[in-house]
Amino acid sequence: MSYISNNRNPGGYEPNGQHIHKNITTKNGEDRLPCTFYNKIGSCRHGEKCSRKHIRPTSSNTILLPNLYQNPKLNKNKDEELNAKQLQQYFDQFYKDIFVKFATLGAVTDIVVCENENNHLNGNVYVKFENKKSALYATHILNQEWFDARPVHCELSPVNSFEEANCRAYEVSECTRGDHCNFMHVHKPTQQLVDSLMSSQRKSILLHKLAELKEEESRKAETEKSEDKNENSNQSSGGSGVTTSMVEQLFA
Ligand SMILES: [Zn+2]
Ligand SMILES: [Zn+2]
C-alpha cells in the first residue's frame, strides 16, 4: 500500500464499531485523521461524508467491487425463498464465475464476499492478487465491464488482512449487531470448490509458463540457425530444451 501509519490506533478505532471523536489536530496541520474503518475494512458507513480521511491507495494487492453480489437472502421481491442448500449452491455458482473471471487478470490468492445487510458492505467482493501489478490491471479492465446487467465499479482497496476485517462473532455463530455491524460478515464458498479452483489456477499458470518457455526456445533456435547460416558453420550450439523439459516433468 502506498501510505504508512505508525500509529497503532490512528482513528480512535474501537472494536464495538464506533469512532471516538476527539479534537485532535495532527502535527502537519492536517485536521482530519485517517478513517480506520476505511483502512481496515475498505468501506465505512459514512462513505464520502466521513469526518475522517479515506486515504485511497495508489497501489495494493487488493481490489474491491462494492455491492457486486446480489444476495438472494436480502432480495425481498423474490417470489420463492431459497433454502440453505439452494442459497449455498447459488453462492458457489457466483463464486466460481467471479473466480474464473479474476483468474484471467492475474494470480488470485483470496476472494472474500460479504453478506452484511448494511449498504456499505452488502455484497462487497474483495479480491487479493499475488501482485500489485495484477490488481491495478484488474481495476482497469473490470471498470469497463458489466455484471448481472449492471456496470461494474472496481477500486484498489487498502484492505490487507481479511483476518482483521472479519466479524469474529459472525464467524463463530451469530452477530448480535445485525445490520449495524461494520465488520465483514463473510459468506464462505464450499471448501471443495475453492480447492478445485485453486488447483486449476496453479495448473493454468504452469501451462502458461511452459508455453512462454517453448516460445522463447523456438525464438532462440531460430536466431542460432540464422547465425549458423551466416557463419556458414555446421556446428550445433545445443543447450536449449533443458528448461522446457524440466517444466514438462512437473506434469509427469
Ligand atoms: Zn470513514
Ligand atoms: Zn458482525
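The values are calculated or read from the model by the stated rules, or taken from the named source; none is laboratory data. None of the values given here were measured: they were computed from a predicted structure. Every residue, glycine as well, gets a Cβ built from its backbone with ideal geometry; the counts of neighbours run over all protein chains shown.
Just to be sure I understand the filter: pairs with C-beta atoms under 6 Å, separated by 6 or more residues or on different chains, first member in the range 141-170 and under 25 Å from Cys181 (Cβ atoms), second member charged (D, E, K, R) and within 16 Å of ligand 1 (Cβ to nearest atom). Which pairs pass? Sorted first by the residue in the range 141-170, then by its partner, the pairs are Glu164/Lys40; Ala165/Lys40. Within the range 171-193, if we keep just the residues that are without any contact (Cβ under 8 Å) to a residue 60 or more places away in the chain and not basic (Lys, Arg), the residue that is farthest from ligand 1 (Cβ to nearest atom) turns out to be Gln192.
Among the residues of the range 34-49, is there at least one that is farther than 23 Å from Cys167 by Cα and in the same structural domain as Cys154 (by TED's automatic domain parsing)? No, the range 34-49 contains no residue that is farther than 23 Å from Cys167 by Cα and in the same structural domain as Cys154 (by TED's automatic domain parsing). Inspection of the range 191-210 identifies no residue that is surrounded by 13 or more Cβ atoms within 10 Å (Cβ to Cβ), over 21 Å from His54 (Cα atoms), within 14 Å of ligand 2 (Cβ to nearest atom) and within 18 Å of the chain's Cα centre (by Cα). Evaluated against (1) within 20 Å of Asn122 (Cβ to Cβ); (2) at pLDDT 85 or above; (3) in a loop (DSSP other than H, G, I, E, B), Gly17 falls short on exactly one condition, (2).
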